[in-house]
Amino acid sequence: MHKYRTHTCGELRSENDGAEVRLSGWIFRKRDHGSLLFVDLRDHYGLTQVVVQPDSPFFDECQRLRLESVITVTGRVEARSDETVNHKMPTGAIEVVAETLTIESASEPTPLYLAGDEDGPEDQRLRYRYLDLRRERLHNNIMLRSRVISSIRRRMTAHGFEEFQTPILTCSSPEGARDYLVPSRIHPGQFYALPQAPQLFKQLLMVAGFDRYFQIAPCFRDEDARADRSPGEFYQLDVEMSFVTQDELFEVIEDVLAGIFDEFSEKKIAVAPFPRIPYAEAMVKYGSDKPDLRIPIEMVDVSDIFATSGFNAFKSVVASGGVVRAIPVKNVASQPRSFFDKLVGFATEQGGKGLAYLVWDGEKVKGPILKFLAEEELTALVERCNVTDQDAVFFVSDKPGLASSISGAIRVKLGQDLGLIADDVFHFCWVVDFPMFEFDAETQSIIFSHNPFSMPQGGLEALETKDPLEVLAYQYDIVCNGVELSSGAIRNHTPDVMYKAFEIAGYDPSVVEEQFPSLLNAFKYGAPPHGGIAPGIDRIVMLLANESNIREVIAFPMNQRAQDLMMGSPSEVSIQQLRELHLKLNLPKKQSGAESDGSNI
RNA sequence: GGGGGUGUAGCUCAAUUUGGUUAGAGUCCCAGACUGUCGAUCUGGUUGUUGCGGGUUCGAGUCCCGUCGCUCCCGCCA
């Protein structure tokens, strides 16, 4: 008989009745009847009830054992009598009557209670992550993650992709987020950087002729956390393809993602091809470049109708380059006054100057701005917004950018408050045709709006002849239920277009040569047209696991302040280590309090 | 860097309007009882710098100021 187990704790059924078996696992729960003891033994695979009889020599010992102790039990499988079958457990038809018991590892009382549904405090959960991971929900999330990644590998390989590794110690790049730096011992004063993404390497692999690349790639960015953004590091399904058009790439990614979501979720998935929404249209219709298409509300521009109206507040905004966006909502005429007032308050919180609205209630139209509108303007609004009885239309008027973000926030809020967001569906879409450049109000200059490596639509000619702010890029995002899963692009693979694009963004050719020497040089020796994308693995698993915080799908996450409470990182290092690295600390003056938790480093 | 929420026993939470005796309950833990439970049950018991520091007051968990932790958001995230 195997030293530890003949079966797992999720395995035994009534067919095993009478078998002599051995199980090992953790004591999940105990029910102590004084002269009869039930132990629910748990391992990775499940739970099995073990019965300890009063005449067992180890009865007292087992009684004293605390929950979460690890034991090995040898005994006989017995089918339970009809009244004692537990239908809630897969192994509920049997139990194991213990004949011998070995204590592998006794447990102290645990700082987290593992047999309940309630989460403990976040810092305790992180500090004792190995205990939290024993709980079913988290345990399942991590297994889901493993299976998703394994399925991704199968699917990518089936599509003809090869998996690569790229360096973790690389060099700092001038664009993007803050880098994590690693000092060099051999080269005093010089640093490696951890890659924010393997962007340059994957493009160089295309130049090297490998054709179809993928990697489950760790990415490191020193940026602050959000609920859906783990600080420090995260994983991408990094993809790059040669000789590919945008549509071909979409087809591959749609197949992989739809396949994954179909395999690992019961929710409905909008079938491929996913809708393709131009960026400019998304900003008007949904007020966002990551629209949640589950919300059945679409905004419309009504600037022209108000431009000539008697409502001076809006009229003047339009006259000075602003817009008016209408948010039509079905069946809200019977909502109380407070519903409308609260929404006006919300609009102000979002930075709006206010929120106008009209309500169609039977024969009557109501609303604070009604008196400013002529009959034909009202008719035009009804037509433009597809208004029917009992509908309301909200109006936001501001500069285009603000109007989009405010109306977008209102759209999401309405979706939530009115319960319009179906939670049994994954609604994917592509947002395409992002602008190549944008105007930076702060520096009063033109900057890259996404990344400088995208191919401008129309190529060199577009860059040379069009208004830079009108040039679109082969730059796209894939979005699911309002979550941005990834950006991607067809890349610019020619030096002359690269020089020109950087010139428009105010960079001298020498700057391009200095900052991206590897890519630029590589492109001088024959580079294939190529493009790619890099969906976030953590976010995909988060959606599939129905979790609202990304920590719930990461085995060992950091807290919001980028600390690993379990390992105690980041931490101080010895003077000797610093000396070898030619570093001298220059710590901030203000050392707070006696509390020494390393947080002021 | 800024804004919001929160902090009471190991854990989950309570403590009445504007502040009033020795800060309670469940769970965990400890002891005892119990042969069919499955979140076992029953009896008894231990557990507190009310995050920390200061202030107002005859009196502070409660009010004020500061500070710290956790968290959500903004900034940031090619």
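Inclusion of A:Leu144 among residues that are at pLDDT below 95, surrounded by 16 or more Cβ atoms within 10 Å (Cβ to Cβ), within 23 Å of the chain's Cα centre (by Cα) and assigned to a helix (DSSP H, G or I) is not warranted. Among the conditions (1) among the polar types (S, T, N, Q); (2) within 26 Å of A:Val256 (Cβ to Cβ); (3) in a helix (DSSP H, G or I), A:Gln576 misses just one, which is (2). Can you find, within segment A:80-91, the residue that is farthest from RNA strand B (Cβ to nearest atom) among those that are farther than 14 Å from A:Glu15 by Cβ and not in a helix (DSSP H, G or I)? Among those that are farther than 14 Å from A:Glu15 by Cβ and not in a helix (DSSP H, G or I), it is A:His87.
Set side by side, the residues A:Lys290, A:Lys285, A:Lys330 differ, and just one is touching a Gly at 6+ places or on another chain (Cβ under 9 Å) and under 30 Å from A:Trp430 (Cα atoms), which is A:Lys290.
Taking residues in segment A:185-203 that are in contact (Cβ under 8 Å) with a residue 24 or more places away in the chain, and partners anywhere that are within 12 Å of RNA strand B (Cβ to nearest atom) and of a type in the set (A, V, I, L, M), the pairs with Cβ atoms closer than 6 Å and at least 6 places apart or on different chains are A:Gln196/A:Ala177; A:Pro198/A:Ala217; A:Leu200/A:Leu519. Selection of segment A:419-451 for residues being within 25 Å of the chain's Cα centre (by Cα) and farther than 25 Å from A:Tyr476 by Cα yields A:Gly419, A:Leu420, A:Ala422, A:Asp423, A:Asp424. If you go through segment A:92-108 and pick out every residue that is near RNA strand B (Cβ under 7 Å from one of its atoms) and either touching a Pro at 6+ places or on another chain (Cβ under 6 Å) or under 22 Å from A:Arg137 (Cβ atoms) (or both), you end up with 1. A:Thr443 passes every criterion in (1) at pLDDT below 90; (2) of a type in the set (Val, Ile, Thr); (3) crowded, with 19+ Cβ neighbours inside 10 Å apart from (3). A:Lys202 meets each of the listed conditions (1) within 13 Å of RNA strand B (Cβ to nearest atom); (2) of a type outside the set (A, V, I, L, M, F, W, C); (3) touching a helix residue (DSSP H, G or I) at 6+ places or on another chain (Cβ under 8 Å); (4) at pLDDT 95 or above apart from (3). Residues that are in a helix (DSSP H, G or I), surrounded by 20 or more Cβ atoms within 10 Å (Cβ to Cβ) and more than 8 Å from RNA strand B (Cβ to nearest atom) do occur in segment A:51-66, at least one of them. Residues of segment A:538-548 that are surrounded by fewer than 23 Cβ atoms within 10 Å (Cβ to Cβ) and touching a Leu at 6+ places or on another chain (Cβ under 9 Å): A:Arg539, A:Leu543, A:Leu544, A:Ala545. Scanning segment A:441-465 for residues that are away from RNA strand B (no atom under 16 Å from the Cβ) and assigned to a loop (DSSP other than H, G, I, E, B) yields a total of 2. Taken over segment A:109-130, the residue count meeting the criterion of being within 11 Å of RNA strand B (Cβ to nearest atom) and either surrounded by fewer than 12 Cβ atoms within 10 Å (Cβ to Cβ) or under 14 Å from A:Pro557 (Cα atoms) (or both) is 12.
For segment A:219-258, residues that are in a strand (DSSP E or B), over 11 Å from A:Phe161 (Cβ atoms) and away from RNA strand B (no atom under 13 Å from the Cβ) total 2. For segment A:248-255, does any single residue satisfy the condition of being surrounded by fewer than 20 Cβ atoms within 10 Å (Cβ to Cβ), modelled with pLDDT of 95 or more and over 19 Å from A:Gly536 (Cα atoms)? Within segment A:248-255 (the criterion being surrounded by fewer than 20 Cβ atoms within 10 Å (Cβ to Cβ), modelled with pLDDT of 95 or more and over 19 Å from A:Gly536 (Cα atoms)), the answer is yes, since at least one residue qualifies. With respect to the conditions (1) touching a residue at least 12 places away in the same chain (Cβ under 8 Å); (2) in contact with a helix residue (DSSP H, G or I) (Cβ under 7 Å, 6 or more places away or on another chain), A:Glu513 falls short on a single one, namely (1).
Each row is one residue, and each column tells you yes or no for (1) small (Gly, Ala, Ser); (2) in contact with a helix residue (DSSP H, G or I) (Cβ under 8 Å, 6 or more places away or on another chain); (3) at pLDDT below 90.
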| site | (1), (2), (3) |
| --- | --- |
| A:Glu375 | no, no, no |
| A:Glu383 | no, no, no |
| A:Gln390 | no, no, no |
| A:Val393 | no, yes, no |
| A:Gln416 | no, no, yes |
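Candidates in segment A:1-50 are the residues that are among the aromatic types (Phe, Trp, Tyr) and away from RNA strand B (no atom under 16 Å from the Cβ); of these, the one that is farthest from A:Val85 (Cα to Cα) is A:Tyr4. Of all residues in segment A:282-299, those satisfying the criterion of being in a helix (DSSP H, G or I) and farther than 15 Å from A:Gln475 by Cβ are A:Val284, A:Lys285.
The values are calculated or read from the model by the stated rules, or taken from the named source; none is laboratory data. The structure displayed is predicted, hence computed values, not measured ones. Because the Cβ atoms are built from the backbone with ideal geometry, glycine has one as well, and the counts that use them run over all protein chains shown.
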